[in-house]
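The values are calculated or read from the model by the stated rules, or taken from the named source; none is laboratory data. Quick caveat, the model's predicted, so the values are computed rather than measured. FYI the Cβ positions are ideal-geometry reconstructions off the backbone, even for glycines, and counts take in every protein chain you see.
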Amino acid sequence: MKSNISRRPPPQRRRTNGGDDRLSNLPDEILCHILSFLPTKNAVATSILSSRYLSLWSCIPVLDFHDQPHLHSPQKFVEFVDQVLAGNKSSSIDTFKLSFENCTDLEPISSVNRWIEAVIKRRVVKMELSVFANHVDTGLPLKLLPCESLQVLKVGGDNGAVIPVSANSFPNLRVLSVCLSDPDNKVTKNLFTRLPKLEELTVEACYGKGDECFGEFWFKFVAPDLKKLHFVLRVMDDSPYYDLDFKIVIDAPRLEYLCVEDDYYGDYWVKNKLLATEVKVHVGEKCELLCFGHTYASADRAFQLLSRVATAKSLSLSYETMRALMFAHRDNALPTLHFLTKLEVFVMDHRGWHLLSYLLECAPNLRCLVVINKGNSEERDLNQGFYWGKDGDSYLQGDFRWSIGTSPAFLLLRKNKNEIRRLEKKEELNKVDEFRVQCKMLTFAVSRCG
């Protein structure tokens, strides 16, 4: 990046009562680098320190704007950003960050689009936008333009952002994080398939905010170098679940991390062999299975997703996912998890333990098990469980509530045939349910107390 900072020597050393003024002895380039870590408002404020700082802020290639000091006056914030962009002398912008929580009029939205265009013309590398314009009904959305230099793009907030989906819009983009409200298939089918250098992707899509939300929606994630994918699918509480269907295609041969948070039960198609080492699955939180006419079909989608990530080394399953798998397991055999060494599951009271026993039978190389009790809605503070590590140590995390009036008093861990360790919880109730899980490497047992 070409610098506009003059390479003049530092001024003559100054002394203060406390000794050397080391900051003033630094070259301009280093001072500008230090100022780049400050919000732009604070960087500009340093101009009152001395005449030397009058022009330093204008050479900083990092711009970080927050409207917090101007929440009640968006116009003042717009004027401040305009002045800084006009006064900035850097030939290129490394980072442009904008947090605009009170973007509620036509003029501020138009200004944001103007700023985006300005930094794109100056070959911005990293752009983070958090713009909230949900109270505006102007037909003027947040608009992003194609940018060859952009490598990191993060778009948050409720702003109806319009992102170009044509080929070569972002040829060098490596990190993308977007929030989308009621996106159409044109965006979700094309945007995530035309980013050839993408390595990290976070997508949060929310459906049900518009007047009409029904039909089939597609998401296609096709990226040869993608290593990390975090997909969040939100469905509004009052959305017609029966009229929605989601198809998700994942084609990422180098994927290492996959996290799925799906309020619904999307249909996931994983192409090629998924080699992700860490997988987190949280599906069906907004869906009550027993209320569906297609209960087993919906649950079977969760089962199929598990089958398609069966090569993971670390796997986390939410309670809602466990619930769906319990339905699907009635007619399907769980896949063998040959590579699984760490398993984390969420249970609710006494439910989930039966399925857990089958999961452990399918994980012959398991070394670490974490069980977390989700608890009742009135007992969120008790959402804890127990942990077992490969070194044989075990301990309880909080309070198990397996069923009304019962909870475990003893946890016996048998690492080998002759070695048994016991952890006693004296405050637990006397009567407990038996739970025995056996697999190749470990044995858990909870005994009944007398």
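Annotations
- For segment 214-237, the criterion of a residue being aliphatic (A, V, I, L, M) and at pLDDT below 90 is satisfied by at least one position.
- Scanning segment 117-137 for residues being farther than 19 Å from Arg174 by Cα, outside any loop (DSSP other than H, G, I, E, B) and either at pLDDT 90 or above or out of contact with any strand residue (DSSP E or B) (no Cβ under 7 Å at 6 or more places or on another chain) (or both) gives a total of 3.
- In segment 146-162, the qualifying residues are those that are at pLDDT 85 or above and in a loop (DSSP other than H, G, I, E, B), and the one that is surrounded by the fewest Cβ atoms within 10 Å (Cβ to Cβ) is Glu148.
- Selection status of Lys126, touching a Cys at 6+ places or on another chain (Cβ under 7 Å) and among the basic types (Lys, Arg): no
- Test result for Ala252, of a type in the set (Gly, Ala, Ser) and either within 18 Å of Ala276 (Cβ to Cβ) or modelled with pLDDT of 95 or more (or both): yes
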